[in-house]
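Colleague: Starting off with a structure, shown below.
Please treat every number below as a calculation from the coordinates, not as lab data. Note that this is a predicted model, so its numbers are computed, not measured. Methodologically, a virtual Cβ is constructed for each residue, glycine included, from the backbone with ideal geometry; neighbour enumeration extends over all protein chains shown.
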Amino acid sequence: MKSELSNSTQTDQKQASSAELTNPNTKAAAPNQYQVIRRNGKVTSFDANKITVAITKAFLAVEGSSAASSKRIHQTVEGLAAQVVDACTRRLETGSTVHIEDIQDQVELALMRDGQYKIARAYVLYREERARERIQATTKKKTAEPLIRITRDDGSLVPLDKKRLTQIIEEACKGLPETKPQAILNEVLRNLFDGLTTKDIERALVMSARTFIEKDPSYSYVTARLLLDSLRREVLSFIYSAEIYTTQEEMANRYPEYFTRYIKQSAELQLIDPRLAQYDLVLLGQALKPERDFRFTYLGLQTLYDRYFIHTDSTRLELPQAFFMRVAMGLAINEVEREEWAIKFYELLSSFDFMSSTPTLFNSGTLRPQLSSCYLTTVPDDLDGIYSAIKDNALLSKYAGGLGNDWSQVRGMGAHIQGTNGKSQGVVPFLKVANDTAVAVNQGGKRKGAVCAYLEIWHTDIEEFLELRKNTGDDRRRTHDMNTANWVPDLFMKRVIEDNEWTLFSPDETPDLHDLVGLAFEAAYLRYEEKAIHGKVRNFKKLRAKDLWRKMLSMLFETGHPWITFKDPCNLRSPQQHKGVVHSSNLCTEITLNTSAEEIAVCNLGSINLPQHVDENGLNLPKLEKTINIAMRMLDNVIDYNYYSVPAARRSNLRHRPVGLGLMGFQDALYKLRLPYASKTAIEFADRSMEAISYYAIQASTHLAIERGSYPTFEGSLWSKGILPFDSIDLLVEGRGDYLQQDRSQTLDWNSLREQVKTIGMRNSNCMAIAPTATISNICGISQSIEPTYQNLFVKSNLSGEFTVINPYLVQDLKVLGLWDEVMVNDLKYFDGSVQAIDRIPQDLKPLYATAFEIDPRWLVEAASRRQKWIDQAQSLNLYMAEPSGKKLDNLYQLAWVRGLKTTYYLRSMGATHVEKSTMTLNQTNKLNAVQSGYNISEATSENPAACSILDPDCEACQ
């Protein structure tokens, strides 16, 4: 480097051309690790030293090469070159490529970011001069188009079929007038070089198209269709044992035959249940609708491709419509008229009107159909029971189940152990074992095992429990991979509000508190406090309820855990309180079912696509009723068809038959109705839409009861007494008193349905629960669950990679106004996906497109309260707070309790956040190479709480 600096002249400095970045004679910093595509289509090894040389010459061209400046230049250049190398290669896999122009773009950016404006200007002018020279040279002498040959599987080389390439792109853009096939083709050709494989070409098509997504959401569909072309070749070539290329139009005729072959071959390979081959495959094949393959966004299809489609030796056997039919066939396997119901189930899934949960999509129709989403267990207070519960966790997690564990019975630290005459180490060491078990059993590599531990806040170990997710302290008493949640009785909240003392007990001395709720819990708790005063309880601790509450909120803010869930509304409003106690919720806080030593609660989930049931007249009730009738049958079928790895789970599920019908796309529905999330009209829509879902779900369960009989433990339930979820609010009022403020309005004919339930019965003990829908909403291309829009433009991460997400409703509105252009894209990036500070956007649009952190979280609580009155279980409710404070958190969570919510989920807080200003660079892998989002969470410590439903979606065990 020194010799180059000392021997260079100013004239030499001006030669910072692309050739210097790709000169094969210069020793590379990391030989052959990456490759650079030159402008003539040739490929050479990536050499970081050439970047250093080019930047150095740019400096010397402006500042000269005096001894005084050389040392400063050297130090500056080293840092800038490192930035450029990192920007170009940080997401590249070994052997991947980057274009020379992309490298030079990053050099410009690095110079500008460092404030080297003179150097950057000289570098830009030089690039423009060289570009003009190349154009002039091309005009004088037409350069022959470089020959690009494709390497076949047998090693032979054939010329690139540019005509087919053009055809594929044009088909992908068909029906999407905003897209430009030629622009995609140019981008593809720019990144091709001699010797690529067919797979490389397919990747290049996808990677090129996805760079346009930020310009227009329509390109997300184009990218999905190009991925589909690759999938068709992969699947059909395997099924037919020959290299097969086909267009989507040609698939209309080929799909039925392919489907029959796929089912038979998959059964022979022992990838699916052989009973699927006994269906009338010709009839089912003819029922497939190939055109629905084009309904996927890129994120949706890539997610299915990576994680859902059946495969062997990394080769996929399923195309999307075959996938949906396979799931439907599994769910209809016990039906008398199974082909008829399989087609109805397929119609619901493939239309995206309803989507089953991830475990159901994973495993329906396979040899091990574990279709249930959630399992809830109670851990007993003995060594054998504790490790038996941990074993159950492993077995349930192995096949994609999400877990909620109630640990409140396990005695606290310092409690007497009669068998050894020693003292207990408390619940925390066992939680550490449960945490490590979840990490070890990762569902066959499909996704991480996931568990949430619940502890009642009168437990003596609660203060240490609150700190389980901290990054400081004794790591042997930390659970970095396990979710935690507080199980909070109403009595505690009353004492917080009234500023009274709270007493902590060890459950071995207060065993009945675990099973008591409401006024009975309060009476027993007061008796134990009296006993403690007189020395009849040894292991206890007194403290201010407010101090414990503040620590709960502080830890929630600092670490994202434990979540806050409320014991009494979960129990007092439970239809099954005659058969047990709800001791915890599940992994995502939407399931509220009884657990005991004899029963492991199980729930089967699925979600209605709400915007699909909204039209110009508002909520389409006839369509919603039809969807729910079929969806409830699908969910009920899961119970009998399901594989149970633990006998206690099977016993519980068959006795009570609970299901959890939820919704997703609530924000999309608001966009279609032109309702801002933070408005009374949106709250009213939350109320009315959930009322309709509740009504039709209960009605559908009674229809199933007529056909199949009521669930075995129906007698004695609230249902049997004519107490519907809405009516059960009265029971909560009796137990809580004046601390409940919940809207009680209604619009439908509940009296007739109430009589129907009493006289006919119910097929399911529980019918509704709103899950996070972290993945299935991606598949359907809609917003998650009941979440507000995170940002109008951002980079979303999941286990399939990173994806540019842009709000299509906003784009459409701006197009109508003539405001959608590159400047608007850059403005959205600059303002972190927010429209509020962009002057060009009309004021009337800004409330409609307010993002999650721009909405007062009290609106989220109010909407959730309206839904909760209709739901017999609960809902996964994330709360967003842009500028948290102790007072705001205190008010928000007390409001959630007063408004009758059963549970809350993540607290999302945000400090300095931004959308990366450059969202895309290109490589030749099948991984997205989006620039990492700069999302940070403002906290008191360096820990980063993250919600699985937004940017850290590893936790997807519910949906």
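Colleague: Amide H of Tyr880: which non-local residues (sequence gap of 5 or more, or other chain) have their own amide H closer than 5 Å, using H built in the peptide plane?
Modeller: HN-HN under 5 Å from Tyr880: Arg908.
Colleague: If you don't mind, there's one more thing I want to ask. Working only with C-alpha atoms, what are the Rg and Dmax values of region 537-616, expressed in angstrom?
Modeller: Gyration radius and largest Cα-Cα distance of region 537-616: 18.1, 66 Å.
Colleague: Return a whole-number percent for the relative contact order of the chain, with Cα pairs under 8 Å and 6 or more residues apart as the contact set.
Modeller: Values: 1833 pairs, mean separation 109.7, N = 959.
Answer for the chain is 11 percent.
Colleague: Here's something else I'd like to know. Could you give the distance between the Cα centres of region 158-233 and region 627-665, to the whole Å?
Modeller: 42
Colleague: Another one. Give me the net charge for the shell around Gly580: Cβ to Cβ below 10 angstrom, other residues only, Lys and Arg +1, Asp and Glu -1.
Modeller: On the way: positive: Lys579; negative: Asp515, Glu598, Glu599.
Within the 10 Å Cβ shell, the charges total -2.
Colleague: Also, I was wondering about something else. Taking θ = phi - 60°, what integer Hz values does the Karplus form 6.51 cos²θ - 1.76 cosθ + 1.60 yield along region 254-269, in sequence order, with x for Gly and Pro?
Modeller: 7, 3, x, 5, 4, 4, 4, 4, 4, 4, 5, 5, 5, 5, 5, 7
Colleague: Where does helix 545-559 land angle-wise versus the long Cα axis of the chain, in degrees 0 to 90, nearest 10?
Modeller: So the helix axis and the longest Cα principal axis differ by about 20 degrees.
Colleague: If you don't mind, there's one more thing I want to ask. Given R₀ = 56 Å, FRET efficiency for Val433-Val823 by Cβ-Cβ distance, to 0.05? Each step should come with its number before you reach the end.
Modeller: Working: r = 56 Å, r/R0 = 1.00.
Calculated transfer efficiency: 0.50.
Colleague: Just from its helices, what would the mean residue ellipticity at 222 nm be for the chain, if runs of 4 or more DSSP H residues each count -39500 (n - 2.57) and the sum is divided by every residue, rounded to the nearest 500 deg cm²/dmol? Intermediate results must be reported in sequence, preceding the final value.
Modeller: On the way: 35 runs with 434 residues, N = 959.
Result for the chain: -14000 deg cm²/dmol, rounded to the nearest 500.
Colleague: Right, another one. Against the longest principal axis of the chain, how steep is helix 320-331, in degrees 0 to 90 to the nearest 10, with axes from Cα atoms?
Modeller: It is inclined by approximately 20 degrees.
Colleague: Next question. So which GluC sites (Glu not before Pro) in region 666-770 pass both tests, a DSSP loop state and at most 15 other Cβ atoms within 10 Å of the Cβ? Before the final figure, lay out the partial values.
Modeller: Numbers: sites: Glu684, Glu691, Glu707, Glu715, Glu734, Glu755; in loops: Glu715.
Here the GluC sites (Glu not before Pro) that fit, given the DSSP loop and packing criteria, are Glu715.
Colleague: Give me a comma-separated list of calculated 3J(HN,Hα) values for region 277-294, in order, Karplus coefficients 6.51, -1.76, 1.60 applied at θ = phi - 60°, integers in Hz, x for any Gly or Pro.
Modeller: Each residue of region 277-294 in turn: 6, 8, 5, 6, 5, 5, 4, 5, x, 6, 7, 5, 10, x, 4, 6, 4, 8 Hz.
Colleague: Now, a different point. Roughly what would the spin-label model give for Ala440 and Arg368, points 7 Å off Cα along C-beta, in nm?
Modeller: Result: 1.7 nm between the two label points.
Colleague: Which chymotrypsin sites (Phe, Trp or Tyr not before Pro) in region 245-343 pass both tests, a DSSP loop state and at most 16 other beta-carbon atoms within 10 Å? Let's see the in-between values first.
Modeller: Values: sites: Tyr245, Tyr258, Phe259, Tyr262, Tyr279, Phe294, Phe296, Tyr298, Tyr305, Tyr308, Phe309, Phe323, Phe324, Trp341; in loops: Tyr245, Tyr279, Phe296, Tyr308, Phe309.
Answer in residue order: Tyr245.
Colleague: Skipping prolines and chain starts, which residues have an amide H placed within reach, meaning under 5 Å, of the one on Gly900, given they are 5 or more residues away or on another chain?
Modeller: Residues meeting the criterion, in which the H sits 1.01 Å from N, are Gln741.
Colleague: Determine, from the Cβ-Cβ distance of Glu257 and His703 and an R0 of 30 Å, the FRET efficiency 1/(1 + (r/R0)^6), rounded to the nearest 0.05.
Modeller: Numbers: r = 37 Å, r/R0 = 1.24.
Between Glu257 and His703 the formula returns 0.20.
Colleague: Follow-up question, since we're still on this one. Calculate how steeply helix 518-533 sits against the longest principal axis of the alpha-carbon atoms of the chain, using the helix alpha-carbon long axis, and give the answer as 0 to 90 degrees to the nearest 10.
Modeller: 80
Colleague: In nm, what is the difference between 0.36 nm times the number of residues separating Gln286 and Asp161 and their Cα-Cα distance? All intermediate terms of the calculation are to be shown ahead of the outcome.
Modeller: Numbers: separation 125, 0.36 × 125 = 45.00 nm, distance 3.28 nm.
That pair, Gln286 and Asp161, stretches by 41.7 nm at full extension.
Colleague: Hey, another quick one. Quick one: check the C-alpha center-to-center distance for region 568-590 versus region 762-828, whole angstrom.
Modeller: Centre-to-centre (Cα) distance: 31 Å.
Colleague: When only DSSP loop residues count, what chymotrypsin sites (Phe, Trp or Tyr not before Pro) in region 509-592 have their Cβ near at most 13 other Cβ atoms within 10 Å? Before the final figure, lay out each step's value.
Modeller: On the way: sites: Phe521, Tyr525, Tyr528, Phe540, Trp549, Phe557, Trp563, Phe566; in loops: none.
Counting only loop positions with at most 13 other Cβ atoms within 10 Å, none of the chymotrypsin sites (Phe, Trp or Tyr not before Pro) in region 509-592 qualifies.
Colleague: Kindly write out, for region 46-63 in residue order, the coupling ³J(HN,Hα) from the Karplus curve 6.51 cos²θ - 1.76 cosθ + 1.60 (θ = phi - 60°), rounded to whole Hz, with x marking Gly and Pro.
Modeller: 6, 10, 5, 4, 5, 5, 4, 4, 5, 5, 4, 5, 5, 5, 5, 4, 9, 9
Colleague: Now a separate question. Which value in nm describes the separation of the simple spin-label points at Lys680 and Glu339, placed 7 Å from the Cα toward the beta carbon?
Modeller: Using points 7 Å along Cα→Cβ, the separation is 5.7 nm.
Colleague: If R0 is 30 Å, what FRET efficiency do you get for Leu519 and Ile417 from their C-beta distance, rounded to 0.05? Mind dumping the intermediate values first?
Modeller: Values: r = 33 Å, r/R0 = 1.11.
Efficiency at R0 = 30 Å is approximately 0.35.
Colleague: With label points built 7 Å along Cα→Cβ from the Cα atoms of His578 and Arg655, find their separation and express it in nm.
Modeller: 1.4
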